[in-house]
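Since the structure comes first, as structure tokens, the remarks are kept for the end.
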Amino acid sequence: MPWLAMVGVSVFEYGYGAASKTLQEVHHWSLSQTFWLVAIWTVFQAGIAFPAGRLREKGVVSAKTAMLSGAVLVFIAFVSLGEFDSFLINLLTYGILGGIGAGLVYATCINMVGKWFPEKRGGKTGFVNGGFAYGALPFIFIFSYAFNKTNFSWIMALVGLWMLVIVGSCGFLFKDPPKNWWPKEIDPLQWASQAKTNAARSLRKNPPAVRQYGPLEAVKTGQLPLMWLTLAIIGGVSLFGIGYQVPFAKSLGFGPFVAAASAGVLSLVNGIGRGVVGWLSDQMGRKQALIMVLLVEAVAQFGLLWSGNLHNEVLFIAFAFLAGFGGGAFFPMFAALTPDYFGENNNASNYGLVYSAKLVSGIVGFGAAASVVVAVGFTGAYIIAGAIAVVSALLALGLRQPGHGGQKPAFTTGGAVTSSDT
């Protein structure tokens with residue numbers, strides 16, 4: 001159910017680049033206006049994660065309420081986008097309300113999976129997270145081929161209705177597991193050393209948090225701020241690719257099929273890559289998988305620029321494949337690292353803090369990037385993106401699990417853990 005709900009809201013982010021040209025023509029918006037709208041959407045989509053997480057953990061808002069609220073808000077966002085030309089109205093409805101709605105869905109789905117599958121967190125989180133990318137694939141081709149002034153309004157309404165039904169139906173059945181639900185009589189590390197299952201291998205490579213950290217405690221370890229900074233940097237690169245790959249392909253003279261195919265490949269591989277890397281992180285370790293992904297994303301930026309300047313369509317789609325793989329798989333890595341480092345009990349709040357880095361990513365990757373493209377062209381923009389991706393990989397080298405100095409994992413204390421209330 002979390003996977004299907006993520007598929008439902010994926011069109012917001014991953015379909016936007018393909019729809020951007022029609023948006024400009026129908027609403028008479030500039031390139032900057034068009035992409036600042038989705039930048040503001042990103043700010044609210046990421047910004048709602050922490051306050052919503054705190055409300056959920058305090059029992060004020062249930063997972064079901066969060067999902068149903070999100071379903072209604074995303075419906076309003078798309079209906080408004082189809083009916084109103086006013087940039088200010090759409091800033092309120094699509095940017096703010098739509099961002100909050102999609103953020104409620106995203107954060108609730110990711111946190112729920114992290115809580116239900118503590119011993120297989122990487123693969124499960126990656127699978128669900130992948131729906132947020134490749135779920136937009138049909139819409140990318142619709143927006144590239146069959147989207148124009150005559151059908152604009154009703155297509156937007158149908159997309160909104162699709163999200164309302166899918167997200168609402170899934171959210172109606174959502175329920176969190178009880179806290180500290182790992183059996184208190186079982187030491188997870190001892191169990192992992194004896195068992196021969198894939199779950200045991202995952203626990204050996206990614207040992208549980210030594211205790212349950214509250215948000216302030218997690219910040220004080222220094223590791224949560226480092227996660228935040230790394231995600232803010234690489235997130236901007238990823239969103240730049242999502243938003244500008246189709247415009248870049250069209251500026252090179254590539255036909256609509258190549259432009260749409262490159263975006264479709266990016267979306268598809270972006271989603272599948274999240275599941276693959278999530279599973280891989282269970283086998284090789286979360287940090288190692290994260291660094292690998294960040295380096296792949298760096299190579300992809302330079303590759304897209306090189307193949308584009310060569311006007312080689314086959315190479316361009318090949319590097320779009322790499323960009324898709326590297327540009328999304330780091331999200332489930334951060335989602336899984338957060339409870340690995342700080343425990344499950346406060347995961348909604350802690351990951352909400354980490355994910356708030358996307359506030360910066362959206363402003364830079366969508367909004368400010370428009371000015372960069374105008375100032376230095378796509379060549380300069382892709383060079384900058386590749387260099388930033390390298391920096392993010394260097395930052396990730398500094399990630400360390402807090403407190404592993406012989407302490408027992410938090411799971412062994414069962415319901416006796418009290419530091420989660422700090």
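From PRO225, PRO208, grab the single residue that is of a type outside the set (D, E, K, R), at pLDDT 70 or above and surrounded by fewer than 24 Cβ atoms within 10 Å (Cβ to Cβ).
Numbers: PRO208 fails: surrounded by fewer than 24 Cβ atoms within 10 Å (Cβ to Cβ).
Residue meeting the stated conditions: PRO225.
Could you figure out which of (1) over 24 Å from GLY235 (Cβ atoms); (2) modelled with pLDDT of 85 or more isn't true of VAL74?
All conditions are met except number (1).
Specify the residue that is farthest from PHE302 (Cα to Cα); the eligible residues are those in segment 211-221 that are surrounded by fewer than 24 Cβ atoms within 10 Å (Cβ to Cβ) and in contact (Cβ under 8 Å) with a residue 12 or more places away in the chain. Walk me through how you get there before you give the answer.
Initially, segment 211-221 is screened for residues surrounded by fewer than 24 Cβ atoms within 10 Å (Cβ to Cβ), giving 211, 214-217, 219-221.
Subsequent filtering for residues that are in contact (Cβ under 8 Å) with a residue 12 or more places away in the chain retains 211, 214-217, 219, 221.
Numbers: ARG211: 42, GLY214: 40, PRO215: 37, LEU216: 39, GLU217: 39, VAL219: 34, THR221: 35 Å.
Checking each candidate, the answer is ARG211.
Do we have any residue at all in segment 343-362 that's of a type outside the set (A, V, I, L, M), within 25 Å of PRO247 (Cβ to Cβ), in contact with an Asp or Glu (Cβ under 8 Å, 6 or more places away or on another chain) and at pLDDT 75 or above? Quick ask: steps written out before the conclusion?
Step one: of segment 343-362, the residues of a type outside the set (A, V, I, L, M) are 343-347, 349-352, 355-356, 358, 361-362.
Checking which are within 25 Å of PRO247 (Cβ to Cβ) leaves us with 358, 361-362.
Adding the requirement that they be in contact with an Asp or Glu (Cβ under 8 Å, 6 or more places away or on another chain) leaves none.
No: zero hits.
Give segment 210-243 a look and list any residue that's more than 19 Å from PHE50 (Cβ to Cβ), more than 14 Å from the chain's Cα centre (by Cα) and aliphatic (A, V, I, L, M), or say none.
VAL210 - this is the single residue of segment 210-243 that is more than 19 Å from PHE50 (Cβ to Cβ), more than 14 Å from the chain's Cα centre (by Cα) and aliphatic (A, V, I, L, M).
Can you report the number of residues in segment 1-49 which are over 14 Å from the mean Cα position of the chain (by Cα) and of a type in the set (Val, Ile, Thr)?
Looking only at that region, the number is 5.
Going by the structure shown, is TRP41 out of contact with any strand residue (DSSP E or B) (no Cβ under 7 Å at 6 or more places or on another chain), modelled with pLDDT of 85 or more and not in a helix (DSSP H, G or I)? So that I can check it myself, show each step before the final result.
Values: out of contact with any strand residue (DSSP E or B) (no Cβ under 7 Å at 6 or more places or on another chain): yes; modelled with pLDDT of 85 or more: yes; not in a helix (DSSP H, G or I): no.
It is false that TRP41 is out of contact with any strand residue (DSSP E or B) (no Cβ under 7 Å at 6 or more places or on another chain), modelled with pLDDT of 85 or more and not in a helix (DSSP H, G or I).
I'd like the full set of residues that are crowded, with 23+ Cβ neighbours inside 10 Å, of a type outside the set (A, V, I, L, M) and part of a helix (DSSP H, G or I), limited to segment 1-33.
PRO2, GLY8, PHE12, GLU13, TYR14, TYR16, GLY17, listed by residue number.
Specify which of the listed residues (PHE87, PHE78, PHE127) is touching a Pro at 6+ places or on another chain (Cβ under 9 Å) and either without any contact (Cβ under 8 Å) to a residue 40 or more places away in the chain or of a type outside the set (Lys, Arg) (or both).
On the way: PHE87 fails: touching a Pro at 6+ places or on another chain (Cβ under 9 Å); PHE78 fails: touching a Pro at 6+ places or on another chain (Cβ under 9 Å).
On inspection, the qualifying residue turns out to be PHE127.
If I filter segment 127-141 for residues that are among the hydroxyl-bearing types (Ser, Thr, Tyr), closer than 22 Å to GLY271 by Cβ and either at pLDDT below 80 or crowded, with 20+ Cβ neighbours inside 10 Å (or both), do I get at least one hit? Spell out the reasoning first.
At the first step, the residues of segment 127-141 found to be among the hydroxyl-bearing types (Ser, Thr, Tyr) are 134.
If we keep only those that are closer than 22 Å to GLY271 by Cβ too, we end up with 134.
From what is left, the residues that are either at pLDDT below 80 or crowded, with 20+ Cβ neighbours inside 10 Å (or both) are 134.
Yes - at least one qualifying residue is present in segment 127-141.
Taking the condition of being part of a helix (DSSP H, G or I) and crowded, with 22+ Cβ neighbours inside 10 Å, how many residues in segment 45-56 meet it?
Step one: of segment 45-56, the residues part of a helix (DSSP H, G or I) are 45-47, 49-56.
Next cut, crowded, with 22+ Cβ neighbours inside 10 Å only: 45-46, 49, 52-53, 56.
Number satisfying all stated conditions: 6.
Looking at VAL372, VAL364, which one is at negative phi, in a helix (DSSP H, G or I) and touching a residue at least 60 places away in the same chain (Cβ under 8 Å)? Quick ask: steps written out before the conclusion?
Values: VAL372 fails: touching a residue at least 60 places away in the same chain (Cβ under 8 Å).
VAL364 is the lone residue from the list that is at negative phi, in a helix (DSSP H, G or I) and touching a residue at least 60 places away in the same chain (Cβ under 8 Å).
Among the residues of segment 384-403, count how many are part of a helix (DSSP H, G or I) and either modelled with pLDDT under 80 or touching a Leu at 6+ places or on another chain (Cβ under 7 Å) (or both).
First, the residues of segment 384-403 that are part of a helix (DSSP H, G or I): 384-396.
Subsequent filtering for residues that are either modelled with pLDDT under 80 or touching a Leu at 6+ places or on another chain (Cβ under 7 Å) (or both) retains 389, 392-393, 395-396.
Summing the residues that are part of a helix (DSSP H, G or I) and either modelled with pLDDT under 80 or touching a Leu at 6+ places or on another chain (Cβ under 7 Å) (or both) in segment 384-403 gives 5.
The values are calculated or read from the model by the stated rules, or taken from the named source; none is laboratory data. None of these values were measured; they are calculated from a predicted model. When we count neighbours, we look across all protein chains shown, and the Cβ atoms used for this are built from the backbone with ideal geometry, even at glycine.
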